[in-house]
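Below you'll find the structure, written out as structure tokens, and then a few comments.
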């Protein structure tokens, strides 16, 4: 009876530890993804089907500039308001004028938004670009209210990346002292492994940077 209780306690402890490890993977993945893969995120907001242009389309349809002011810094409000008023006036003239005015406003808003986040503006990008799985999953999580698919996606990517680097380091670890070349291969694998672990850990420990200064609310982080 005592042996059964002991085994049950060990099993419960094992399941608890596995749960903690999985939770840590998820935490590191959610925060670390922005640091490890920040470049593709910048491409999200300059598309015709991106959130900035969608906000601009809604603002023009409703005549409400506040719907786009949240995408720029306070010191850029005046320029956006001026651009918005001009667009609203011109788009009434004709269908052709409306199309040109709308495009002008989209470009102005996206340019100022990206300048505010320290990213270059290279023009509006067409709708339907392949943004990879992470960005659509992040937007879908906010839309659906279910973050589980996103955390599972990111946790699996971090797990795969970690295990791959760990296995390479382990495979190269047992080198002979006389074989300097093999030793260097181990050091390269070791450094790659450690840097990956360190990068994920630091991402989890440090606050994520967003579009707005620290302390300000951001409606959408690229």
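Could you state the orientation-averaged shadow area of the convex hull built on the Cα atoms of region 110-185, in nm² to one decimal? The orientation-averaged projected area of the Cα hull of region 110-185 comes to 9.1 nm². Between residue 86 and residue 54, the C-beta separation translates, for a Förster distance of 35 Å, into a calculated FRET efficiency of about 0.95. For a modelled paramagnetic label at residue 61, 7 Å from Cα along Cα-to-Cβ, the residues of region 123-138 in reach, with backbone nitrogen under 18 Å, are 127-128. Computed over region 44-116, the P(r) curve from all C-alpha pair distances, binned at 10 Å from the origin, holds 22, 59, 19, 1 percent per bin.
Bear in mind that the values in this text are calculations on the coordinates, not laboratory data. All of these numbers come straight from a predicted model, not from anything done at the bench. Methodologically, a virtual Cβ is constructed for each residue, glycine included, from the backbone with ideal geometry; neighbour enumeration extends over all protein chains shown.
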